[in-house]
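Take a look at the following structure, please.
The values are calculated or read from the model by the stated rules, or taken from the named source; none is laboratory data. Everything numeric here is computed off the predicted structure, so don't read it as measured data. Backbone-built Cβ (ideal geometry, glycine too); neighbour counts: all protein chains shown. Keep in mind that these areas ignore ligands, DNA and RNA; they rest on the heavy atoms of the full protein, side chains included. Shrake-Rupley method; radii C 1.70, N 1.55, O 1.52, S 1.80 Å.
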Amino acid sequence: MKLVVTSAFADYKRGEEIKDPEAIKKILAGDQAQYVVKVAVEPKAAK
């Protein structure tokens with residue numbers, strides 16, 4: 001999972017993708033959760 005910023009906050013700009021698991025946990029647990037949407041990440045195809 002990743003987050004996409006819908007409204008700028010802190011050092012994040014609108015449209016920015018957040019992929020760091022620790023950052024995602026902190027954002028979703030706090031007041032900033034209203035400024036992002038969750039986006040599913042498709043697993044990489046096996047070779």
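Across the chain, what is the number of residues that are open to solvent by less than 100 Å² (accessible area, probe 1.4 Å) and either part of a strand (DSSP E or B) or among the basic types (Lys, Arg) (or both)?
Looking only at that region, the number is 11.
Would you call Gly15 modelled with pLDDT of 95 or more and on the phi > 0 side of the Ramachandran plot? Even if it seems obvious, please write down each step before you answer.
On the way: modelled with pLDDT of 95 or more: yes; on the phi > 0 side of the Ramachandran plot: yes.
In short, yes.
A follow-up question, please. Looking at the stretch 3-27 only, could you name the residues that are touching a residue at least 24 places away in the same chain (Cβ under 8 Å) and hydrophobic (A, V, I, L, M, F, W, C)?
Scanning the stretch 3-27 gives Leu3, Val4, Val5, Ala8, Phe9, Ile27.
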